[in-house]
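The values are calculated or read from the model by the stated rules, or taken from the named source; none is laboratory data. Since the structure is predicted, the reported quantities are computational estimates derived from the model, not experimental observations. Cβ sites come from the backbone with ideal geometry, for glycine too, and all protein chains shown count toward neighbours. Quick note on the areas: whole protein, heavy atoms, side chains included, nothing else; ligands and nucleic acids left out. Shrake-Rupley method; radii C 1.70, N 1.55, O 1.52, S 1.80 Å.
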Amino acid sequence: MRMGAHLEKLKSRIQELRDLSGVLGLCTWDQETYLPERAHPARAEQMGTLQGLYHERLVDDRVGEWVAGAEAEGLDDDGRAMVRVFIWERDRARRVPGDLVRALALAQSAGVTAWRQAREEKSFTGFAPSLERLLSLRREQADALGHDGQRYDALLEGYEPGMRVARLSPVLDALALELAPRAAKWADAGEAVPPWRGRRFPDAAQWRFTLRLLRDMGFDFAAGRQDRSIHPFTGGTHPLDVRLTTKVDEGNPFPALFGSLHEGGHGLYEQGFQPRDFRTPLAAAPSMGLHESQSRLWENLVGRSRAFWRHYYPLLRHELPEALGDVPEEAFFAQVNRVSRSLVRTEADEVTYNLHIVLRYHLELRLLSGDLTVADLPEAWKERMQALLGVTPRNDVEGVLQDIHWAWGEFGYFPTYALGNLYAASLFAAARRALGHLDDELGRGELLPLRDWLRENVHQLGYRLNAEELVRRATGQGLQDRDFIGYLDEKFGAGRG
Ligand code: ZN
């Protein structure tokens, strides 16, 4: 590609912005892992400065001239894709006035403080005014961003570009109708108390095992690392510097095992972008939901499968002889796939998880439209929980106060989890068809053919297509729940009556 003068200027600004965002990623990772306790206020200031600089360099008027100039000079396919993604971010940043951005930041930090306090008091009441304020600012933000009468779309667009309520609602409503009776039928199959209760799973052995899993998945430790944090996440500075975190609990092996598989799935995505896209917005996933599809695919479709544990359970037992020596594979596998109608989203299994999301999605839609008042939210939560899952929280901590998302004023984020589950099932089904013997490979601990299929059909495309277009290209179909429901029926339906 011969670069015109405008494109050259634009490209160098885009690279500068990617570098700033990489450094911000390092600051965030450090904040969650190794930052000394007393350094937090200083770090917040440093990051505020970097974010200010980023914003200024992004919305700069000259950048608009370079974009117009570059388009006039003529762009190739990659150039067009890069400019499209860049303009999307820049336009959204320019539409929201600085006063509103500052008001939101203040309301978010007040929201988190009020939410923590309300959780201690086990009562929603103290959090209500903060939530009210956040909702009103988000409505303002949605109007500033622009929409066709559906405010939720403007917020959803920030996490799931191209997705709309009109497209999403029918899919999630149908999914809930399929799931509720299955959850009722399959719940609490298997022992509630694991056979290893009270035993110790040594930290070092769990840590070694998670590293082995990541290596087998093809995670490149010369271009990334794993550390520990209270809330596991994937971050980093660049596709050649991907930072995973996990959490080890010596009384329970699941947080480390499934945490590492989950974050490893995110990590493979980040490491799978093409070098020619580095330092451009094309080295990115097109949506949060598609990113989540990669973590859920490894955590659930692979990591909770019979084939996977056929290979890995003997190895895990070898690492943890005192805790698992007398636990048969069958008993372990039953715990990995226990279905229960729990109150808490983060503890939910594959069958009930999406019901927790549908509940939040509907409440968010109603809150944002004004159809539901903040004061009525806890009751609405209880009523929907009973209708969808057949359980009722005893207090607000088990109910409406359980997630931090609303304390941050994040509306529109929850659906990305459900999209991740649906896309994961579709991509896994397509990989199975394409690879022919995927279950046999997983049963031998050969995880690379799957990694390579995902690399070719998902990761290396970066942000050239939107999420649903990418899934359609990879699987032959867009967003739908048939692959997901078919997967659940195959796994949980057989023999469970
Ligand atoms: Zn995730």
Spatially proximal aspartates and glutamates relative to residue 9 (Cα-Cα < 12 Å; intrachain offsets below 8 disregarded) | 65
Taking N as the number of residues in region 302-454, what value does Rg over Cα atoms divided by 2.2 N^0.38 Å take?
-> 1.32
For region 205-265 and region 363-405, what is the separation of their Cα centres, given in Å?
-> 33 Å
So what's the net charge close to residue 245: Lys and Arg +1, Asp and Glu -1, counting the other residues with Cβ under 10 Å from its Cβ?
-> +1
Taking N as the number of residues in region 3-50, the ratio of its alpha carbon radius of gyration to 2.2 N^0.38 Å works out to 1.58
Could you calculate the contour length gain from residue 60 to residue 405, that is, 0.36 nm times the residue separation minus the distance between their Cα atoms, to one decimal place in nm?
-> 121.1 nm
Compute the projected area of the convex hull of the Cα atoms of region 130-184, averaged over all viewing directions, and report it in nm² to one decimal place.
-> 5.3 nm²
Within the chain, what percent of beta bridges assigned by DSSP are antiparallel, to the nearest 5?
-> 50 percent
Report, largest value first, the span of the C-alpha coordinates of the chain along each principal axis, in whole Å.
-> 68, 53, 49
Okay, helix-only estimate at 222 nm for the chain: each DSSP H run of n ≥ 4 adds -39500 (n - 2.57), divide by all residues, round to 500 deg cm²/dmol; what do you get?
-> -20000 deg cm²/dmol
Counting sequence-distant residues (5 or more places) and residues on other chains, those with an amide H built under 5 Å from that of residue 242 are 224, 225
Listed highest first by mean packing, meaning other Cβ atoms within 10 Å per residue, what order do 139-149, 461-471 come in?
-> 461-471, 139-149
Binned at 10 Å from 0, what are the whole-percent values of the Cα-Cα distance distribution for region 437-487, short to long?
-> 22, 40, 35, 3
Residues whose placed amide H lies under 5 Å from that of residue 399, excluding near-sequence neighbours | none
HN-Hα J couplings of region 192-207 from phi, Karplus 6.51/-1.76/1.60, θ = phi - 60°, integer Hz, Gly and Pro as x?
-> 6, 9, x, x, 9, 3, x, 8, 9, 10, x, 3, 4, 5, 4, 4
Length released on extending from residue 331 to residue 177, taking residue separation times 0.36 nm less the Cα-Cα span = 52.4 nm
Probe 1.4 Å, all protein chains present, accessible-area order of 291, 318, 40, largest first | 318, 40, 291
Using the Cα atoms as the points, what is the convex hull volume per residue of region 142-260 in Å³?
-> 189 Å³
Scattering profile of region 228-380 from the Debye formula, Cα beads only, expressed as log10 I(q)/I(0) at q = 0.09, 0.17, 0.19 Å⁻¹, is -0.41, -1.10, -1.21
Net lengthening on full extension, residue 31/residue 473 (0.36 nm per residue, minus Cα-Cα) | 155.3 nm
Tally the DSSP beta bridges in region 146-272 and give the antiparallel ones as a percent, rounded to 5.
-> 50 percent
Taking 1 over the mean of 1/r across every pair of different Cα atoms in region 119-210, what Kirkwood radius in Å do you get?
-> 18.6 Å
